[in-house]
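What follows is a short report on a single structure.
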Amino acid sequence: MKALFLYIRHFALTATNWALNSSDDEILVGGQAVIEGVMMRSPKGYSVAVRRQDGTVRVLKDALQTAGERWKALKLPILRGVGVLGQALVLGIKALRFSAEEALAEEGAKEGKQPADAQKTSSLLIAGNLVLALGVNVLMFVVLPLVLTRLIQNQVGFHSSILFNSIDGLFRVIVFVGFLYAVSWMKDMNRVFQYHGAEHKTVYNFEAREKLHVDNASKYSTLHPRCGTSFLLVVMIVSILVFSSVQFTSFGAKLLSRIVLLPLVAGIS
C-alpha cells in the first residue's frame with residue numbers, strides 16, 4: 001500500500017511538472033517493452049531493438065503515419081483518443097511479433113528448424129496469445145469486479161448507480177494492481193518490467209536533451225507520467241463516470257454495456 005501511495009504521489013508531481021514545462025514544439029517519444037528488447041516511437045517513426053543471446057542487437061526501423069493523418073475524422077476529440085490507442089495497439093503487436101520472431105529464430109536454429117517455420121510459429125503464437133489475453137482481461141477486469149460488486153449490492157441493498165460503479169471501479173483497480181504485483185514474481189515478466197523501466201529512463205534522458213548514453217539514462221527514475229500503465233489507471237477512473245451515466249438493472253446488460261463502451265472510455269481518457 002505504501003508503494004502504491006508513493007507511485008501515485010510521484011505520478012501526480014511528475015505529470016504536473018511535465019505539463020507546465022512542455023512546449024508545443026517538443027517531440028514526444030514513448031515506447032514499450034518487448035521480449036528481450038524495447039520499442040521506441042516518435043510522431044513520425046519507430047524502432048525496435050532486441051538483444052539476442054549472443055549479445056548482438058537486432059534493430060527494426062520504419063516511418064510512421066498517425067491515424068489522424070490517414071483519416072481526418074480521427075482528429076476530432078474522443079475519436080482522436082480511440083485512433084491513437086488503436087494505432088498504439090497495432091504498433092505494439094508489430095514490435096512484439098518482431099521480438100518473438102527473433103527469440104523463436106534462435107530457438108529454431110538450435111533445433112534445426114528453418115526461419116520460415118519459426119516465423120509461422122510466432123504468428124500463430126501471438127494470435128493465440130492475443131485471443132487468450134483478451135478473454136482473460138474481460139474476465140479479470142470486467143466480469144470479476146462486476147460480480148463482486150453485485151454480490152455486495154445484494155447483501156447491503158443499495159441502489160445508487162454512482163456508488164455501484166465506484167465500488168466496481170475500486171475492484172478493478174485492486175485487481176489490476178494485484179495482477180501486476182503477482183506477475184512481477186515471474187522471472188520472464190520481471191525481465192520485461194526491467195526493459196520497461198529502461199525505456200522510461202531513456203525517455204527522460206531524451207526529454208532532458210542530454211546525450212543518449214547508458215550513464216545519463218541510469219540516473220533517471222523508472223516511473224514516467226506518460227506511462228501506459230498510468231493511462232490504464234486513468235481509464236478506470238473515467239469508466240466510473242461513463243458507466244454511471246448509462247444505467248442498467250440486469251447483470252447481463254451491465255456487462256454488455258461495459259464492453260461496448262470501452263472505446264468511448266478510452267477515447268475520453
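Where in region 213-256 does the amide nitrogen come within less than 11 Å of the point 7 Å from the Cα of Ile93, taken along Cα to Cβ? Label zone hits: none.
Applying a threshold of 25 Å to the alpha-carbon distances of Lys75/Lys201; Lys72/Lys254; Lys61/Lys187; Lys94/Lys201 flags Lys75/Lys201; Lys72/Lys254; Lys61/Lys187 as lying beyond it.
The base-10 log of I(q)/I(0) for region 197-269, evaluated at q = 0.14 Å⁻¹, reads -0.58 [Debye formula, identical scatterers on Cα atoms, solvent excluded].
Just need log10 I(q)/I(0) for region 31-268 at q = 0.10 Å⁻¹, Debye formula, equal scatterers on the alpha-carbon atoms, no solvent, rounded to two decimals. Normalising to I(0) and taking log10 leaves -0.60. In this structure, Ile78 and Lys44 have a Cβ-Cβ separation that, at R0 = 25 Å, corresponds to a calculated FRET efficiency of about 0.55. Our note on the geometry: Cα centres of region 232-269 and region 150-184, 13 Å apart. Here the spin labels are modelled as points 7 Å beyond Cα on the Cα-Cβ line, and at Asp62 and Leu180 they lie 2.9 nm apart.
Every number in this text was worked out from the coordinates using simple rules, so none of it is lab data. Treat the numbers as computed from the prediction; the structure is a model and nothing was measured. Positions of Cβ are backbone-derived with ideal geometry, glycine not excepted, and every protein chain shown enters the neighbour counts.
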